[in-house]
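S.K.: What follows is a single structure, and I will ask about it in a moment.
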Amino acid sequence: MATYKRVVLASRPQGHVVPQNFRLEEVPVPALKEGELLVRNHYLSLDPYMRMRMEDVKSYAAPQAIGDTMVGGTVGEVVESKNPKFAAGDKVRGMFGWSEMGVSQGGGLVRLDTTDVPLSAYLGAVGMPGMTAWYGLTQINQPKEGETVVVSAASGAVGSVVGQLAKLRGCRAVGIAGGKEKCDYVVNELGFDACVDYKAGNLKENLAQATPDGIDGLFENVGGEIFDACLARMNPFGRVALCGMIAGYDGDPMPVYNMRYLLTMRLTLRGFIVSEHMDLWPQGLKELRELVAGGKLKFRESVAQGLEAAPEAFIGMLKGKNFGKQLVKLI
């Protein structure tokens, strides 16, 4: 294989992301230097945070540079190695981005055991999304047995794990998702106690019915109207893990009118970036891996085929078209 494909950021979005913001390139496979290894990526992870990285604004991470390979998590196989810590055939997780191949000196790469956990799961339930769910729930929501935990985007890669972990801790888990199919999956397959369809047009009323005892822990992925409705249902001293605001990532307005509940209900609200808490990853990933391997943590994947499909799959994910973890299969 003399060349491989990658997708670079061609321009910054003006409002909603469009395919023209990306460019597909073919580049030569580099010759390895001592200490380097070459990875053939099998799967690429598409995640909402990538949308924020496309903007040239102040954030927790530097903006994606124009002309650079789009950022993203990958799993794949070492095909050549001049690094004594890795051998050809090793399965690894890294951050090679929207690219079929990648070269590394080994830093940041994690060797993976696929004996009882599929390779793709290391980008989902046993990867960054799973750890995001685990951290936000255990460290910020801090649920106690019998409490009610609500999670928006409940059928997605993060939200689906939050609810299942909450159930395992003896909580009432309530999801919010878009459409009957997703809500049925959240309740019937994932085991949530209830799921509110925000597209049904009765968000406030349906949320009140699903949370008769109020909300103790809110895991917020969406923002806007959904966040606003949940704030009005919070119990005194409730905890809000602010993970994402996907409703506003494309520049859409996200009015929130119920901020007074932060005061009147004495709420704790904390935003977090899971990559800033690497000290807890071994603990969280151990639990997640054991649960997936034992069949106690379920997950679903939406898989686009081929790197060329990544831009449209990413745009679709931002609009909620994916069901579960959005991946791109590269091989």
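A short reminder: the numbers here are calculations on the coordinates, not readings from a lab. What you see is a predicted model, and the numbers here were worked out from it, not measured in a lab. No Cβ is skipped: glycine too gets one built from the backbone with ideal geometry, and neighbour counts run over all protein chains shown.
S.K.: On full extension of the chain, what length is gained from Gln142 through Ile66, given 0.36 nm per residue of separation minus the C-alpha to C-alpha distance? Could the numbers behind the result be given before it?
M.R.: Working: separation 76, 0.36 × 76 = 27.36 nm, distance 4.00 nm.
Fully extending the segment from Gln142 to Ile66 adds 23.4 nm.
S.K.: Tell me, what ³J(HN,Hα) does each residue in region 164-170 have, in order and in whole Hz, if you take phi through Karplus 6.51 cos²θ - 1.76 cosθ + 1.60 with θ = phi - 60° and put x for Gly and Pro?
M.R.: 5, 5, 5, 4, 5, 9, x
S.K.: Between Phe237 and Leu168, what length comes free when the chain is fully extended (0.36 nm per residue of separation minus the Cα-Cα distance, one decimal in nm)? Write down the numbers at each step before the final one.
M.R.: Details: separation 69, 0.36 × 69 = 24.84 nm, distance 2.24 nm.
That pair, Phe237 and Leu168, stretches by 22.6 nm at full extension.
S.K.: Let me ask something additional. For the pair Lys82 and Phe323, how long in nm is the line joining their label points, each one 7 Å along Cα→Cβ?
M.R.: According to this spin-label approximation, the distance is 4.7 nm.
S.K.: Answer rounded, prolate or oblate for region 64-206, using the Cα gyration tensor with square roots of eigenvalues a ≥ b ≥ c: rounded when a/c is under 1.5, else prolate when a/b is larger than b/c, else oblate.
M.R.: Numbers: a/c = 2.73, a/b = 2.07, b/c = 1.32.
Since a/c reaches 1.5 and a/b is larger than b/c, the shape of region 64-206 is classed as prolate.
S.K.: What nm value, rounded to one decimal, do you get for the distance between Tyr257 and Ala2 when each label is placed 7 Å out toward the C-beta?
M.R.: Computed distance between label sites Tyr257 and Ala2 equals 6.4 nm.
S.K.: Given H placed 1.01 Å from N in the peptide plane, which residues other than close sequence neighbours of Phe272 have an amide H under 5 Å from its amide H?
M.R.: Close amide H contacts, sequence-distant or interchain: Leu242.
S.K.: Here's something else I'd like to know. Compute the length gained on full extension between Val29 and Gln105: take 0.36 nm times their separation in residues and subtract their Cα-Cα distance, giving the result in nm to one decimal.
M.R.: Contour length minus Cα-Cα distance gives 25.8 nm.
S.K.: Name the residue farthest towards the positive end of the dipole of the chain from the options Met101, Pro19, Asn188, assuming +1 on Cβ of Lys and Arg, -1 on Cβ of Asp and Glu, about the Cα centre.
M.R.: Looking along the dipole axis, the top candidate is Asn188.
S.K.: How many nm separate the modelled label positions at Met278 and Ala309, each set 7 Å beyond the Cα in the direction of the Cβ?
M.R.: Computed distance between label sites Met278 and Ala309 equals 3.3 nm.
S.K.: Same structure, new question: Only Lys, Arg, Asp and Glu count, each charged at its Cβ (+1, +1, -1, -1), so figure out the dipole size of the chain about its Cα centre, rounded to 20 debye.
M.R.: The calculation lands at about 260 debye.
S.K.: Can you work out the FRET efficiency for the pair Thr114 and Glu55, with r the C-beta to C-beta distance and R0 = 45 Å, to the nearest 0.05?
M.R.: On the way: r = 36 Å, r/R0 = 0.79.
It comes to 0.80.
S.K.: Which shape class, rounded, prolate or oblate, goes with region 128-275 when its Cα gyration tensor gives a ≥ b ≥ c as root eigenvalues, a/c under 1.5 marks rounded, and past that a/b bigger than b/c marks prolate? Provide the component values of the computation, followed by the final result.
M.R.: Working: a/c = 1.13, a/b = 1.05, b/c = 1.08.
Judged from the Cα gyration tensor, region 128-275 comes out rounded (a/c under 1.5).
S.K.: A further question on this structure: Mind running the shape call on the chain? Use the C-alpha gyration tensor, a ≥ b ≥ c as the square roots of the eigenvalues: rounded below 1.5 for a/c, prolate if a/b tops b/c, oblate otherwise.
M.R.: Prolate shape, in that a/c is at least 1.5 and a/b is the bigger ratio.
S.K.: So what J values fall out for region 171-184 if you push phi through Karplus, 6.51 cos²θ - 1.76 cosθ + 1.60 with θ = phi - 60°, rounded to Hz, Gly and Pro as x?
M.R.: Whole-Hz 3J(HN,Hα) from phi for region 171-184: 9, 8, 9, 10, x, 10, 8, x, x, 5, 4, 5, 5, 4.
S.K.: For a label point 7 Å from the Cα of Asp213 along Cα→C-beta, name the residues of region 239-280 whose backbone N is under 19 Å from it.
M.R.: Answer for this model: 239-240.
S.K.: Past the 30 Å Cα-Cα mark, which pairs from Lys167/Lys204; Lys58/Lys85; Lys33/Lys58; Lys5/Lys85?
M.R.: Lys58/Lys85; Lys33/Lys58
S.K.: Would you work out the charge dipole size for region 1-83 about its Cα centre, treating the Cβ of every Lys and Arg as +1 and the Cβ of every Asp and Glu as -1, and quote it to the nearest 20 debye?
M.R.: 180
S.K.: Got a sec to turn the phi values of region 216-229 into Karplus ³J(HN,Hα) couplings, 6.51 cos²θ - 1.76 cosθ + 1.60 with θ = phi - 60°, whole Hz, x for Gly and Pro?
M.R.: Along region 216-229, the couplings run 9, x, 10, 10, 9, 10, 10, x, x, 4, 5, 4, 4, 5 Hz.
S.K.: With a cut-off of at most 14 other beta carbons within 10 Å, and DSSP calling the residue loop, which GluC sites (Glu not before Pro) in region 138-186 qualify? Please list them. Let's see the in-between values first.
M.R.: Values: sites: Glu145, Glu147, Glu181; in loops: Glu145, Glu147.
Answer by residue number: Glu145.
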